[in-house]
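Have a look at the structure below before the remarks.
The values are calculated or read from the model by the stated rules, or taken from the named source; none is laboratory data. What you see is a predicted model, and the numbers here were worked out from it, not measured in a lab. Cβ: placed from backbone, ideal geometry, glycine included. Neighbour counts: every protein chain shown.
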Amino acid sequence: MANALYVAFRNGVLGSHATRVDLDADTIKAALIDHGTDTPAPTTDDFYNDISAGLVGALSSALASKTIGTVAAGVFDADNVTFTAVSGNSVESVNLLKDSGNSATSDLIAYFDTATGLPVTPNGGDITVTWAAGGIFTF
Amino acid sequence: MPGVRVQHPTQRNVRYTVVDSRVPYPVPYQCTAPALGGCGGTHLFKTHHLNLDETGAAIVSTGVYERIRERLALDGFSLGVEVRRPPAIGVGVNPSKPGAWGDIPIVRSPSDMAN
(Lines give C-alpha, C1' and ligand atoms only; values in the text may rest on other atoms or scores of the structure.)
Protein backbone atom coordinates (compact mmCIF):
# COMPACT_ATOMS: atom_id res chain seq x y z
CA MET A 1 0.00 0.00 0.00
CA ALA A 2 1.10 3.59 0.39
CA ASN A 3 0.45 6.54 2.62
CA ALA A 4 -3.09 7.79 2.08
CA LEU A 5 -5.94 9.81 3.41
CA TYR A 6 -8.95 7.69 4.29
CA VAL A 7 -11.52 7.97 1.53
CA ALA A 8 -14.32 8.52 4.04
CA PHE A 9 -12.42 11.50 5.47
CA ARG A 10 -11.91 12.98 2.03
CA ASN A 11 -15.56 12.53 1.19
CA GLY A 12 -16.49 14.02 4.54
CA VAL A 13 -14.58 17.17 3.75
CA LEU A 14 -16.69 17.41 0.62
CA GLY A 15 -19.82 16.91 2.66
CA SER A 16 -20.89 13.39 1.73
CA HIS A 17 -20.00 11.60 4.95
CA ALA A 18 -22.26 11.40 7.97
CA THR A 19 -19.80 13.15 10.23
CA ARG A 20 -17.15 15.69 9.42
CA VAL A 21 -13.77 16.39 10.86
CA ASP A 22 -12.69 19.83 11.97
CA LEU A 23 -8.94 19.39 12.14
CA ASP A 24 -8.57 22.66 14.01
CA ALA A 25 -11.23 22.19 16.68
CA ASP A 26 -11.47 18.41 17.05
CA THR A 27 -9.17 16.21 19.12
CA ILE A 28 -6.81 14.53 16.69
CA LYS A 29 -4.75 11.55 17.87
CA ALA A 30 -2.42 8.97 16.38
CA ALA A 31 -2.57 5.19 16.65
CA LEU A 32 0.09 2.53 16.10
CA ILE A 33 -1.53 -0.46 14.40
CA ASP A 34 -0.50 -4.12 14.29
CA HIS A 35 -1.58 -5.39 10.87
CA GLY A 36 -1.41 -8.98 12.04
CA THR A 37 -4.47 -8.28 14.16
CA ASP A 38 -6.30 -5.77 12.00
CA THR A 39 -5.10 -4.38 8.68
CA PRO A 40 -6.44 -0.89 7.95
CA ALA A 41 -8.23 -0.41 4.63
CA PRO A 42 -8.07 3.29 3.73
CA THR A 43 -10.53 2.89 0.89
CA THR A 44 -13.31 1.34 2.96
CA ASP A 45 -12.68 1.87 6.69
CA ASP A 46 -14.28 4.99 8.07
CA PHE A 47 -14.28 4.91 11.86
CA TYR A 48 -11.68 3.95 14.43
CA ASN A 49 -13.58 0.83 15.48
CA ASP A 50 -12.65 -0.61 12.08
CA ILE A 51 -8.98 -0.79 13.11
CA SER A 52 -8.97 -0.50 16.90
CA ALA A 53 -8.41 -4.23 17.43
CA GLY A 54 -4.90 -3.71 16.08
CA LEU A 55 -3.99 -0.88 18.43
CA VAL A 56 -0.55 -1.32 19.98
CA GLY A 57 -0.25 0.39 23.35
CA ALA A 58 -2.55 3.37 23.69
CA LEU A 59 -3.65 6.21 21.52
CA SER A 60 -1.29 9.17 21.54
CA SER A 61 -2.12 12.33 23.37
CA ALA A 62 -3.94 14.93 21.30
CA LEU A 63 -1.85 16.46 18.56
CA ALA A 64 -0.59 19.84 19.72
CA SER A 65 0.24 23.07 17.91
CA LYS A 66 -1.93 22.18 14.94
CA THR A 67 -1.79 24.43 11.92
CA ILE A 68 -3.82 24.55 8.75
CA GLY A 69 -2.43 26.34 5.75
CA THR A 70 0.53 27.75 7.64
CA VAL A 71 3.30 25.49 6.37
CA ALA A 72 1.85 25.84 2.87
CA ALA A 73 -1.53 26.12 1.24
CA GLY A 74 -3.80 23.22 2.15
CA VAL A 75 -1.29 21.65 4.52
CA PHE A 76 -2.18 20.23 7.94
CA ASP A 77 0.66 20.09 10.43
CA ALA A 78 1.24 19.60 14.15
CA ASP A 79 3.96 18.82 16.65
CA ASN A 80 5.63 15.44 16.52
CA VAL A 81 3.96 12.83 18.66
CA THR A 82 5.45 10.43 21.21
CA PHE A 83 4.00 7.12 22.34
CA THR A 84 5.26 6.34 25.83
CA ALA A 85 6.77 2.99 26.84
CA VAL A 86 5.29 0.92 24.02
CA SER A 87 5.27 -2.70 25.09
CA GLY A 88 3.07 -4.38 22.49
CA ASN A 89 3.44 -6.16 19.19
CA SER A 90 5.26 -5.02 16.04
CA VAL A 91 3.69 -2.08 14.24
CA GLU A 92 3.13 -1.68 10.52
CA SER A 93 1.32 1.67 10.30
CA VAL A 94 0.63 4.98 11.99
CA ASN A 95 -2.90 6.30 11.68
CA LEU A 96 -4.50 9.64 12.47
CA LEU A 97 -8.04 9.87 13.75
CA LYS A 98 -10.50 12.26 15.30
CA ASP A 99 -11.09 11.07 18.87
CA SER A 100 -14.76 11.66 19.66
CA GLY A 101 -14.59 9.49 22.76
CA ASN A 102 -16.47 6.73 20.97
CA SER A 103 -14.55 4.50 18.57
CA ALA A 104 -17.68 4.03 16.45
CA THR A 105 -17.86 7.76 15.74
CA SER A 106 -14.14 8.57 15.68
CA ASP A 107 -13.32 9.33 12.05
CA LEU A 108 -10.20 7.88 10.52
CA ILE A 109 -8.16 10.55 8.77
CA ALA A 110 -4.77 9.41 7.50
CA TYR A 111 -2.81 6.20 7.06
CA PHE A 112 0.99 6.01 6.98
CA ASP A 113 2.68 2.70 6.23
CA THR A 114 5.67 4.08 4.37
CA ALA A 115 8.01 5.90 6.72
CA THR A 116 11.51 5.62 8.02
CA GLY A 117 11.55 3.11 10.82
CA LEU A 118 8.43 1.21 9.70
CA PRO A 119 7.64 -1.51 10.40
CA VAL A 120 8.79 -0.95 13.94
CA THR A 121 9.45 -3.59 16.56
CA PRO A 122 8.81 -1.89 19.91
CA ASN A 123 11.49 -2.21 22.57
CA GLY A 124 9.43 -1.12 25.56
CA GLY A 125 10.68 2.46 25.29
CA ASP A 126 9.11 5.51 23.70
CA ILE A 127 8.30 5.72 19.99
CA THR A 128 8.40 9.20 18.52
CA VAL A 129 6.74 9.90 15.18
CA THR A 130 8.33 12.80 13.34
CA TRP A 131 6.17 14.36 10.68
CA ALA A 132 7.63 15.51 7.39
CA ALA A 133 9.02 19.03 7.32
CA GLY A 134 6.45 19.88 4.68
CA GLY A 135 3.58 19.00 7.01
CA ILE A 136 1.58 15.92 7.89
CA PHE A 137 -0.55 15.95 4.74
CA THR A 138 -1.82 18.20 2.01
CA PHE A 139 -5.44 18.29 1.01
CA MET B 1 9.98 -5.38 32.61
CA PRO B 2 9.91 -2.68 29.91
CA GLY B 3 12.26 -4.33 27.43
CA VAL B 4 14.11 -7.59 26.90
CA ARG B 5 17.58 -7.85 25.40
CA VAL B 6 18.16 -10.74 23.03
CA GLN B 7 21.47 -11.60 21.43
CA HIS B 8 22.34 -13.78 18.47
CA PRO B 9 25.52 -15.87 18.75
CA THR B 10 26.96 -14.97 15.35
CA GLN B 11 24.84 -12.49 13.36
CA ARG B 12 26.02 -8.87 13.53
CA ASN B 13 24.64 -5.63 12.04
CA VAL B 14 21.75 -7.27 10.23
CA ARG B 15 17.97 -6.98 10.14
CA TYR B 16 16.94 -10.36 11.50
CA THR B 17 13.55 -11.53 10.28
CA VAL B 18 11.29 -13.75 12.34
CA VAL B 19 7.96 -14.91 10.93
CA ASP B 20 5.18 -16.01 13.25
CA SER B 21 3.47 -18.59 11.08
CA ARG B 22 0.61 -18.89 13.57
CA VAL B 23 -0.63 -15.42 12.68
CA PRO B 24 -1.60 -14.74 9.05
CA TYR B 25 -2.02 -11.14 7.98
CA PRO B 26 -5.67 -10.46 7.06
CA VAL B 27 -4.21 -8.83 3.94
CA PRO B 28 -0.65 -9.63 2.72
CA TYR B 29 1.72 -7.01 4.07
CA GLN B 30 4.03 -5.25 1.62
CA CYS B 31 7.05 -4.47 3.76
CA THR B 32 8.85 -1.16 3.35
CA ALA B 33 12.18 -0.97 1.57
CA PRO B 34 15.29 -1.98 3.52
CA ALA B 35 16.46 1.63 3.53
CA LEU B 36 13.35 2.64 5.46
CA GLY B 37 13.20 -0.15 7.99
CA GLY B 38 11.71 -3.21 6.37
CA CYS B 39 12.92 -5.88 3.98
CA GLY B 40 11.00 -5.05 0.81
CA GLY B 41 9.22 -8.41 0.78
CA THR B 42 5.58 -9.35 0.90
CA HIS B 43 4.62 -11.08 4.13
CA LEU B 44 1.75 -13.51 4.49
CA PHE B 45 2.34 -14.09 8.21
CA LYS B 46 3.10 -11.71 11.04
CA THR B 47 6.70 -10.68 10.69
CA HIS B 48 9.09 -9.11 13.16
CA HIS B 49 12.30 -7.40 12.07
CA LEU B 50 15.01 -7.16 14.69
CA ASN B 51 17.86 -4.76 14.00
CA LEU B 52 20.84 -6.57 15.51
CA ASP B 53 23.68 -4.28 16.51
CA GLU B 54 27.43 -4.86 16.31
CA THR B 55 27.19 -7.29 19.21
CA GLY B 56 24.27 -9.18 17.68
CA ALA B 57 21.84 -7.76 20.22
CA ALA B 58 18.45 -6.11 20.01
CA ILE B 59 15.92 -4.98 22.58
CA VAL B 60 12.31 -6.04 22.13
CA SER B 61 9.16 -5.22 24.06
CA THR B 62 7.63 -7.81 26.33
CA GLY B 63 4.75 -8.12 23.87
CA VAL B 64 7.07 -9.08 21.05
CA TYR B 65 9.23 -11.23 23.29
CA GLU B 66 6.32 -13.36 24.45
CA ARG B 67 5.32 -14.00 20.84
CA ILE B 68 8.70 -14.98 19.41
CA ARG B 69 10.89 -16.18 22.26
CA GLU B 70 10.49 -19.85 21.38
CA ARG B 71 11.63 -19.09 17.84
CA LEU B 72 14.55 -17.02 19.08
CA ALA B 73 15.60 -19.82 21.41
CA LEU B 74 15.58 -22.26 18.50
CA ASP B 75 17.82 -19.90 16.57
CA GLY B 76 20.36 -19.79 19.38
CA PHE B 77 19.60 -16.35 20.80
CA SER B 78 20.54 -15.59 24.40
CA LEU B 79 17.31 -14.46 26.01
CA GLY B 80 15.71 -12.74 28.91
CA VAL B 81 17.99 -9.94 30.04
CA GLU B 82 15.79 -7.13 31.33
CA VAL B 83 16.37 -3.61 30.07
CA ARG B 84 14.81 -1.09 32.42
CA ARG B 85 15.12 1.98 30.22
CA PRO B 86 15.13 1.07 26.54
CA PRO B 87 16.21 3.84 24.18
CA ALA B 88 13.57 5.76 22.24
CA ILE B 89 12.74 4.67 18.70
CA GLY B 90 12.06 7.14 15.91
CA VAL B 91 9.57 6.83 13.07
CA GLY B 92 9.76 9.49 10.40
CA VAL B 93 6.95 10.22 8.01
CA ASN B 94 9.37 11.45 5.40
CA PRO B 95 10.09 8.48 3.14
CA SER B 96 12.72 10.28 1.11
CA LYS B 97 15.02 10.06 4.10
CA PRO B 98 16.68 6.72 4.96
CA GLY B 99 16.06 5.16 8.35
CA ALA B 100 18.58 5.21 11.15
CA TRP B 101 19.67 1.68 10.36
CA GLY B 102 19.93 2.31 6.63
CA ASP B 103 20.07 -0.42 4.05
CA ILE B 104 21.51 -3.22 6.18
CA PRO B 105 21.56 -6.91 5.22
CA ILE B 106 18.33 -8.84 5.71
CA VAL B 107 18.64 -12.22 7.40
CA ARG B 108 15.81 -14.70 7.78
CA SER B 109 15.47 -16.99 10.72
CA PRO B 110 16.64 -20.51 9.77
CA SER B 111 13.58 -21.80 11.60
CA ASP B 112 11.36 -19.92 9.16
CA MET B 113 13.09 -21.39 6.17
CA ALA B 114 12.58 -24.87 7.56
CA ASN B 115 8.81 -24.32 7.59
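Could you check residue B:16 against (1) away from chain A (no Cβ under 13 Å); (2) modelled with pLDDT of 90 or more and say which number it fails? Against the list (1) away from chain A (no Cβ under 13 Å); (2) modelled with pLDDT of 90 or more, residue B:16 comes up short only on (1). Listed conditions (1) within 10 Å of another protein chain (Cβ to nearest Cβ); (2) touching a strand residue (DSSP E or B) at 6+ places or on another chain (Cβ under 7 Å); (3) closer than 21 Å to residue A:4 by Cα are all met by residue A:114, apart from (2). If the condition is being surrounded by 17 or more Cβ atoms within 10 Å (Cβ to Cβ) and in a loop (DSSP other than H, G, I, E, B), then segment A:53-67 contributes A:56, A:57, A:59, A:60, A:63, A:66. Is there a residue being within 13 Å of the chain's Cα centre (by Cα) and over 30 Å from residue B:52 (Cα atoms) anywhere in segment A:117-133? No, there is no match, as no residue in segment A:117-133 is within 13 Å of the chain's Cα centre (by Cα) and over 30 Å from residue B:52 (Cα atoms). Filtered by the rule that a residue be within 14 Å of chain B (Cβ to nearest Cβ) and not in a loop (DSSP other than H, G, I, E, B), segment A:90-111 gives A:91, A:93, A:94, A:95, A:96, A:109, A:110, A:111. Scanning segment A:1-52 for residues that are within 13 Å of chain B (Cβ to nearest Cβ), of a type in the set (Asp, Glu) and either in contact (Cβ under 8 Å) with a residue 60 or more places away in the chain or in a loop (DSSP other than H, G, I, E, B) (or both) yields A:34, A:38, A:45. Residue A:24 - would you say it is acidic (Asp, Glu) and surrounded by fewer than 17 Cβ atoms within 10 Å (Cβ to Cβ)? Answer is yes for this residue.
Does residue A:8 count as over 20 Å from residue A:115 (Cβ atoms) and in contact with a His (Cβ under 8 Å, 6 or more places away or on another chain)? Considered against the rule, which asks whether it is over 20 Å from residue A:115 (Cβ atoms) and in contact with a His (Cβ under 8 Å, 6 or more places away or on another chain), residue A:8 comes out as yes. In segment B:25-69, the qualifying residues are those that are outside any strand (DSSP E or B), hydroxyl-bearing (Ser, Thr, Tyr) and more than 7 Å from every other protein chain (Cβ to nearest Cβ), and the one that is farthest from residue A:122 (Cα to Cα) is B:55. Considering B:76, B:80, the condition of being more than 11 Å from chain A (Cβ to nearest Cβ), touching a residue at least 12 places away in the same chain (Cβ under 8 Å) and assigned to a strand (DSSP E or B) is satisfied by B:80 alone. When segment B:13-51 is filtered for residues that are in contact with a Cys (Cβ under 7 Å, 6 or more places away or on another chain) and among the small types (Gly, Ala, Ser), the ones remaining, listed by number, are B:38, B:40, B:41.
When the residues of segment A:11-60 are narrowed to those that are within 14 Å of the chain's Cα centre (by Cα) and among the charged types (D, E, K, R), which ends up nearest to residue A:128 (Cα to Cα)? Looking at the filtered set, the residue picked out is A:29. Answer yes if at least one residue in segment A:114-134 is outside any loop (DSSP other than H, G, I, E, B) and touching a Lys or Arg at 6+ places or on another chain (Cβ under 8 Å), and no otherwise. For segment A:114-134, residues outside any loop (DSSP other than H, G, I, E, B) and touching a Lys or Arg at 6+ places or on another chain (Cβ under 8 Å): present.
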